Each structure stands twice: as C-alpha cells, then as structure tokens.
Amino acid sequence: MTEMEKLLAAKASLKAKAQGITAKEGATKEEIEAVLTEIQTINAKIEVQKQVDAMEAEELKAKAEAQKPVNEPLWAQPKDNKKVLWKNNAEFLTAVYAASKQGATPDQRLLMQNAASGMGESVPSDGGFLVGEDFAKELLQKTYETGILASKCRKIPISPTSNALEANGIDETSRANGSRWGGIQSFWENEADVLTGKKPKFNKVELKLKKLTGLCYATDELLQDATALEAIIGQAFAEEFGFKMDDAIMNGLGAGQPLGFMKSGALVTVDKEGSQSAGTIVTQNVLKMYSRCWGRSRQDAVWLVNQDIEPQLAQMTIAVGTGGVPVYMPANGVSDQPYGTLFGRPVIPVEQANTIGSLGDISLVDLSQYLLIDKGGVNAASSIHVRFLYDESVFRFIYRVDGQPIWKSALTPFKGSNTLSPFVTLAAR
C-alpha cells in the first residue's frame, strides 16, 4: 500500500466519522470542530504527497531516458553526467580554424560550448570560442607544471561573475610594541587597573585580472595533421604561458601585468661586501641574505639563481684556520654532484633571474607569500587573414590572471634594525 493510498483511506475514515458525529443527537460543537480539523490536516498531507509523487515520477523518467541506447559515438556519450563535445583537442582546434573562414558556418558544438559558459550563442566580440573545460584544465595544468614559480604561489580562483579580488590584510610593518598585527598590544596589569584598548590596522589587498595572450602560427599542412596540431599547440602554449607567468611573478611591473616581487615594496636588498669584486658572490652574501629572510618563511623559501653564478657558488668557502671549507661543493669536489642547497633550501636555476653581478642574480624567496588569482577558462580564436600570404593560420589564446606579493613592505623586527621579508635579493656588484 502506497503512502497516498494510506492517506486516502484515512480521509475516507474521517469522513465516515464526521457523518456519524453530525447524525448523533447531542453532538457538541467541539466534537464537530475536532473532526473537521483532522480532515483539513489529512487534506494538506495529501497535497504534499502529490508533489512528492510527481517528483519521483520525473526522476524515474529521467533514469529511464538515461538507460536508453545512444546512437552517438562513444566519445560523445555522457561521462560523469557531462556530455563530451569533442573527440580530442585537435578536433576542437580544427573546428575553430574552419569557423574563422569567411562565410563559414561555425560548428554547432562551438556555439553550444559558448552558451553553456554563459556567453551568447553568437561569436563573441573578440571573435573567439571558449576552450572546452577539459582542454582548458589540461592547458593550465601544464602551464603550472612547466612554470617553476607559479606552482609555488598561493593561488585563488575567483568566481565567473568577478574580475577582481579585494581582501583586507593586516597592516604590519614592525614587530615593536603597539605595531604587531597593525596595532594590537597587550599589557601586564595589576588587579583593578584600568584596561588599555588597542585595535588592529588593516590594508587592502586588491588584484584585478590582467590578460595574458598567446599567438601560434600554424601552416595548412600542420592543420591537416590533427595529432601533431594537438601536441604542438598544447606543449607550446603551456611552456610559453608558464615562462611568462614566472617572469611576471619575479619581474612584473604591475601595470597591465602582475606585480613581481623584485618590484615590490616588500623586497629586501642585501648590500655587497665593502671590498667585493664586480661579478662575484661570496659566502658573506649568502649568510646575510639568509639572516634577512623572515623566520617563518625559511621552511618554504627557495634560492632562485641565474646559472651564470654557479661557478661562484662552487668557489664559496668558510675560513677555517689557514685554509677553508667549501660551502656548496661536496667533499669530493667537482667529481661529485653539488649539494644543490644552501642552508638546507633548494637552489633553483631560473631564466628570469638577472645575469651575474646584476640585482637579482640570486634571491631567497618564499612564494607562498605571493598571491595569484585567475578566472577559469581559456579563450581561443583563429584567423586566416593575419598570415594569409604565408599560407598560415593564427591561433590566439587568452588567460586572465593577476598576482602580487601579500606583503606591502619589509618588516622591522622587535629587536634589531635589519628589516626582514619573504623576498630577499643581493644588490648589484
């Protein structure tokens, strides 16, 4: 017996009860009102059950439809409740290329993809089509895998309806009393003393999405080879985007691109030694750089170096008596692999570091103190007109991202005058 059948049977029983009460001589008003109330309650339950039954019927119908045979190729059938539009990335790129030709009708799957992403069913003003979710994720994943710095940053995705991130940060530039946490201070008080109130000071961390654009020229011969097209464009854009992201994280100017830590007010620059020769790195440089790294950042910090300085690292020593002990090289000297660490932190060669003797040829940084935001989705467009005379087509990809150090300035310690920071570099020599 279903729930609805039970409710209808109960209603019939109540009706019979009501008839018996009204037919009875001497029935009180309270008795009649009580049975009528019961009938109203059962009627309300019946209405609710009707809605429940309707929902269950729709759910059963949807399950039955999902179990019907699909007359589509395997790649197009739903996977994890999501319909796959493209066999592979190359098919998508070829469709974008075909849609760019004058008078061509775009593949309906391109328009479906735009519409599903909240874009109109017409080609957007930029003349592009949104890359499929799987392709976009794969491209961005490879970008952060090939990029050395971007993968180490603190990354926050923002919502599709937003183009910026605003957050309050603690305005702490000193650890002196009254300055910690932007103004929080505590006191040792005697009993019955009047308490002294303090409040923190905040600053605003604001990031607005910047546009990273990549172009790729593809010959018509390459466009005929779907496998090569997918491999070349997938790898080429991932590596190029990764390189540009790393360069912006380190050297970005902040105008139209992320703000790099080398251009940030939080950067601490360690002076060269008084008698230090040009184009050299000595042990005292490294010792002083490590001492200026904020204590909490040391467990996550890495050394970023230009490969030109590696001969200098190999020659660094600490004086012991009349001789010296190598700092960077193992006991077996050049016959063995170098340690690859300084103070236990990895030494990572990066192309974006300046050459030896320049500001930034060696830096000690904690990139967990660098904030990145991005807006999911990569936009792709194609044109046959830009390189028409060369029988080439142009693919354009756009990724929207921004970043900057969380710190606005270096930190003055509670005791001592040398400022500290997660971002430390060596001055020009």
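Points to keep in mind about this one:
- Pair list, Cβ under 6 Å, 6 or more apart: the range 1-29 residue touching a residue at least 12 places away in the same chain (Cβ under 8 Å), other residue open to solvent by less than 40 Å² (accessible area, probe 1.4 Å) and among the β-branched types (Val, Ile, Thr): Leu7/Ile46; Ala10/Ile42; Lys11/Ile42; Leu14/Ile39; Lys17/Val35; Ala18/Val35; Ile21/Val35
- Selection status of Gly416, at positive phi and modelled with pLDDT of 90 or more: no
- Of the strands (runs of 3 or more DSSP E) lying entirely inside the range 243-353, the ones with 1 or more residues being open to solvent by 60 Å² or more (accessible area, probe 1.4 Å) are found at 317-320, 323-326.
- Residue in the range 316-323 that is modelled with pLDDT of 90 or more and not β-branched (Val, Ile, Thr) present: yes
- Test for Gly256: is it in contact with a strand residue (DSSP E or B) (Cβ under 9 Å, 6 or more places away or on another chain), modelled with pLDDT of 95 or more and not aliphatic (A, V, I, L, M): no
- Scanning the range 385-413 for residues that are over 23 Å from Glu240 (Cβ atoms), open to solvent by 10 Å² or more (accessible area, probe 1.4 Å), hydrophobic (A, V, I, L, M, F, W, C) and modelled with pLDDT of 80 or more yields Ile406, Trp407, Ala410.
The values are calculated or read from the model by the stated rules, or taken from the named source; none is laboratory data. Small disclaimer: the values here were computed from a predicted structure and weren't measured. Positions of Cβ are backbone-derived with ideal geometry, glycine not excepted, and every protein chain shown enters the neighbour counts. In case anyone asks, the SASA skips ligands and DNA or RNA and just uses the protein heavy atoms, side chains included. Shrake-Rupley method; radii C 1.70, N 1.55, O 1.52, S 1.80 Å.
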